[in-house]
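The values are calculated or read from the model by the stated rules, or taken from the named source; none is laboratory data. Since the structure is predicted, the reported quantities are computational estimates derived from the model, not experimental observations. We place every Cβ from the backbone using ideal geometry, glycine too, and count neighbours over all the protein chains shown.
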Amino acid sequence: MKLVIMIPCLNEEETLPLVIKTIPKSIPKVDQIEILLIDDGCTDKTVEVAKKLGVKHFIHHTKNQGLSRSFRHGLNRALEMGADIIVLTEGDNQYPQEKIPDLVKPILNNEADLVIGDRQTQTIEHFSTSKKFFQKLGTAILNIAAGTNVPDAISGFRAYSKLAAIQLNPVADYSWATETTIQAAHKGHKIVIIPIKTNPKLRNSRQFKSSWQHIRKSSVTIVRAFIMYRPYALFFSLGAFFLVLGLIPIVHYLYLVISTKNPYGAHHLQSLLLGAILLIASFISFTLGVIADLIRINRSLIEDQLEILKKDHISGLKKSK
Ligand SMILES: Nc1nc2c(ncn2[C@@H]2O[C@H](COP(=O)(O)OP(=O)(O)O)[C@@H](O)[C@H]2O)c(=O)[nH]1
Ligand SMILES: [Mg+2]
């Protein structure tokens, strides 16, 4: 059983030693623990510090590519390294690495594909009231979209089983955590939550510049997830909404035509026009729903092919070692 611990880093020379020193050296039922450091265009001594501390596996981005891409590249490399379980933590020592054995346990026991460390955000002292509120609201919306019951969907302290890592195909440039939670739920992966306590804050989050920026970007991810996984739910609801709305002025028009005994209804064309526009919008929504659903089916077929390709690639690499 091989565990790969990924640490995406953007200039973390100061806090990285703390992170690496607190990673357990051995875990029951795990034969090998390797650290994979993703140097996302670091301009400080992060890489040298990591090498001194014994890290052997690196991905280097010559230019900063952002956390989502770092995550994607890390996931693929970890699979190529032969990982059976992949753990993700951060370079700012925000998460308690000592808890990694608890994080991987449900996967080792075949009880989970994705384990999320729940930061229990409502109890974190340095989170402002507004941050706590938006965290709660965002999580509630995500749970509706994904059909899950995850208390902390954006926690960056997670463990993925090999199967989950192979089957997940995150595409967004932001919110990789939200996106993989939604994808895991839609792919029927078992998600287990482990409560954790975050370490005292050493620096401010660089990812979330403001709550608004985070809400805006996360909303895009959630809406896109709806379009990707449940397009009919979205477009058919829109279609039904426009249909009902469009029928109101049309019924109104017919009523006026009959009640005013004006067979041509020439004086009430506005109602007819409005009704026609809304019915066309309804028709377009239904049509988009059908097209989006066909694309969804196509994508799931492509993902099945990707899964076979990735498995072949990994087993080919294993044989050639
Ligand atoms: N902010 C940021 N972090 C990155 C980037 N690439 C890698 N990281 C690493 O991703 C982790 C999360 O960043 P952080 O600023 O702590 O944001 P947090 O998720 O709000 O805690 C850290 O380990 C960073 O070093 C990037 O482009 N921007
Ligand atoms: Mg952090």
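For the range 193-226, what are the residues that are aromatic (Phe, Trp, Tyr) and free of Cβ contacts under 8 Å to residues at least 60 places away in the same chain?
PHE208, TRP212
Scan the range 105-131 residue by residue and report those that are at pLDDT 95 or above and outside any strand (DSSP E or B).
Those that are at pLDDT 95 or above and outside any strand (DSSP E or B): LYS105, PRO106, ILE107, LEU108, ASN109, ASN110, GLU111, ALA112, ASP113.
Sort out which residues of the range 154-182 are farther than 27 Å from LEU301 by Cα and either among the small types (Gly, Ala, Ser) or surrounded by fewer than 18 Cβ atoms within 10 Å (Cβ to Cβ) (or both), and write them in order of number.
Of everything in the range 154-182, those that are farther than 27 Å from LEU301 by Cα and either among the small types (Gly, Ala, Ser) or surrounded by fewer than 18 Cβ atoms within 10 Å (Cβ to Cβ) (or both) turn out to be SER155, GLY156.
Which members of the range 80-112 meet the condition of being over 29 Å from LYS201 (Cβ atoms) and of a type outside the set (S, T, N, Q)?
If the condition is that a residue be over 29 Å from LYS201 (Cβ atoms) and of a type outside the set (S, T, N, Q), then GLU80, MET81, GLY82, ALA83, ASP84, LEU108, GLU111 are the ones that fit.
All but one of (1) within 14 Å of ligand 1 (Cβ to nearest atom); (2) within 21 Å of SER26 (Cα to Cα); (3) among the basic types (Lys, Arg) hold for ARG119, so report the exception by its number.
Result: ARG119 fails condition (2) only.
The conditions are (1) among the β-branched types (Val, Ile, Thr); (2) within 16 Å of ligand 2 (Cβ to nearest atom); (3) outside the structural domain of ALA159 (by TED's automatic domain parsing), and VAL251 fails exactly one of them. Which is it?
(2)
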